[in-house]
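Please read the structure below before turning to the comments.
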Amino acid sequence: MYRTISLSIMLFAIWLLWSGHYTPLLLGFGVLSCLLSVYLCQRMGVIDPEGHPIHMLFGFVAYLPWFAWAIVRANLSITRCILSPSLPIAPRLIRVKASQKTHLGQVIYANSITLTPGTVSVDVEEGAVTVHALTRDAASEVLSGLLDRRVTRLENEA
């Protein structure tokens with residue numbers, strides 16, 4: 001029940017933010033569209049811990065600043081690589097262990113790899129992710145397992 005309520009509040013807040021219209025008629029249409037969307041989600045059975053992971057909210061508050069800094073560091077590394085006269089790229093495919101227990105955790109891990117410049121998740125299997133890394137440094141960063149541990153911690157704190 002609390003997932004349904006939190007989804008309703010979240011959808012309406014996003015609708016308010018993106019619409020920018022606050023007349024009574026449009027607010028009414030916004031409420032109706034959000035309620036219809038929540039009703040359809042409930043009928044389809046997608047308001048579950050994987051479809052609406054509200055239980056991970058506090059873990060994300062700790063994860064996002066760390067991840068934003070990791071993205072900044074990776075951007076600087078790739079920028080240095082591009083601006084270097086010798087262009088020291090060394091593309092490679094690596095396979096890394098994914099220690100997350102749920103599919104949602106593995107998807108968060110694979111997406112975090114892809115969002116970090118210089119790396120792309122190519123394939124996700126149960127317990128492993130195949131990653132294309134542009135440089136040795138990017139590959140060693142993924143192979144260090146720090147991102148895997150942070151996502152696992154995020155998953156376990158939920």
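The values are calculated or read from the model by the stated rules, or taken from the named source; none is laboratory data. Just so it is clear, the model here is predicted, and its values are computed rather than measured. Here Cβ is always computed from backbone atoms with ideal geometry, including for glycine, and neighbour counts include all displayed protein chains.
Which residues, counting only those in the range 1-29, are over 18 Å from PRO53 (Cα atoms) and within 27 Å of the chain's Cα centre (by Cα)?
The initial filter retains those residues of the range 1-29 that are over 18 Å from PRO53 (Cα atoms), namely 15-29.
Within the range 1-29, TRP15, LEU16, LEU17, TRP18, SER19, GLY20 qualify.
Select from the range 30-74 the residues that are more than 18 Å from TYR109 (Cβ to Cβ) and in contact with a His (Cβ under 9 Å, 6 or more places away or on another chain) and write down the one among them that is modelled with the lowest pLDDT.
Among residues in the range 30-74 that are more than 18 Å from TYR109 (Cβ to Cβ) and in contact with a His (Cβ under 9 Å, 6 or more places away or on another chain), the one modelled with the lowest pLDDT is VAL46.
Here's a check for you: in the range 53-76, which residue that is out of contact with any helix residue (DSSP H, G or I) (no Cβ under 8 Å at 6 or more places or on another chain) and of a type outside the set (A, V, I, L, M, F, W, C) is surrounded by the fewest Cβ atoms within 10 Å (Cβ to Cβ)? It would help to see each step written out before you state the result.
First, the residues of the range 53-76 that are out of contact with any helix residue (DSSP H, G or I) (no Cβ under 8 Å at 6 or more places or on another chain): 55, 57, 61, 64-65, 68-69, 72-73, 75-76.
Among the residues that remain, those that are also of a type outside the set (A, V, I, L, M, F, W, C) are: 55, 65, 73, 75.
Details: HIS55: 12, PRO65: 9, ARG73: 14, ASN75: 13.
Result: PRO65.
Looking at the range 94-152 only, could you name the residues that are surrounded by fewer than 19 Cβ atoms within 10 Å (Cβ to Cβ), among the aliphatic types (A, V, I, L, M) and over 14 Å from the mean Cα position of the chain (by Cα)?
ILE94, VAL122, VAL124, ALA128, LEU143, LEU146
Within the bounds of the range 100-108, is there any residue that is in the same structural domain as ARG153 (by TED's automatic domain parsing) and closer than 21 Å to MET10 by Cα? Spell out the reasoning first.
Going through the range 100-108, the residues in the same structural domain as ARG153 (by TED's automatic domain parsing) turn out to be 100-108.
Add one more test, that the residue is closer than 21 Å to MET10 by Cα, and what stays is 104, 108.
The answer is yes, given that some residue of the range 100-108 is in the same structural domain as ARG153 (by TED's automatic domain parsing) and closer than 21 Å to MET10 by Cα.
Report, ordered by the first and then the second residue, all pairs with beta carbons closer than 8 Å, sequence separation of six or more or different chains, a first member in the range 128-139 that is in contact (Cβ under 8 Å) with a residue 12 or more places away in the chain, and a second member that is among the hydroxyl-bearing types (Ser, Thr, Tyr) and assigned to a helix (DSSP H, G or I).
VAL129/TYR109; THR135/SER77; ASP137/SER77; ALA138/SER77
Residues of the range 105-152 being in a loop (DSSP other than H, G, I, E, B) and of a type in the set (A, V, I, L, M, F, W, C), which ones?
Across the range 105-152, the qualifying residue is only LEU134.
Could you count how many residues in the range 55-99 are among the hydrophobic types (A, V, I, L, M, F, W, C), within 20 Å of ARG150 (Cβ to Cβ) and in contact with a Ser or Thr (Cβ under 7 Å, 6 or more places away or on another chain)? So that I can check it myself, show each step before the final result.
Step one: of the range 55-99, the residues among the hydrophobic types (A, V, I, L, M, F, W, C) are 56-58, 60-62, 64, 66-72, 74, 76, 78, 81-83, 87, 89-90, 93-94, 96, 98.
From what is left, the residues that are within 20 Å of ARG150 (Cβ to Cβ) are 56-58, 60-62, 64, 66-72, 74, 76, 94, 96, 98.
Now restrict to residues that are in contact with a Ser or Thr (Cβ under 7 Å, 6 or more places away or on another chain): 67, 70-71, 74.
Final tally of qualifying residues: 4.
Show me the helices (runs of 4 or more DSSP H) found entirely inside the range 1-96 where at least 2 residues are in contact (Cβ under 8 Å) with a residue 24 or more places away in the chain and of a type in the set (Val, Ile, Thr).
Because the criterion is at least 2 residues that are in contact (Cβ under 8 Å) with a residue 24 or more places away in the chain and of a type in the set (Val, Ile, Thr), the helices (runs of 4 or more DSSP H) in the range 1-96 that meet it are 57-83.
On the basis of being surrounded by fewer than 13 Cβ atoms within 10 Å (Cβ to Cβ) and more than 21 Å from the chain's Cα centre (by Cα), does PRO85 make the cut?
On the way: surrounded by fewer than 13 Cβ atoms within 10 Å (Cβ to Cβ): yes; more than 21 Å from the chain's Cα centre (by Cα): yes.
Spelling it out, PRO85 is indeed surrounded by fewer than 13 Cβ atoms within 10 Å (Cβ to Cβ) and more than 21 Å from the chain's Cα centre (by Cα).
Looking at (1) surrounded by 15 or more Cβ atoms within 10 Å (Cβ to Cβ); (2) assigned to a helix (DSSP H, G or I); (3) modelled with pLDDT of 95 or more, which is the only condition GLU155 fails?
The failed condition is (3).
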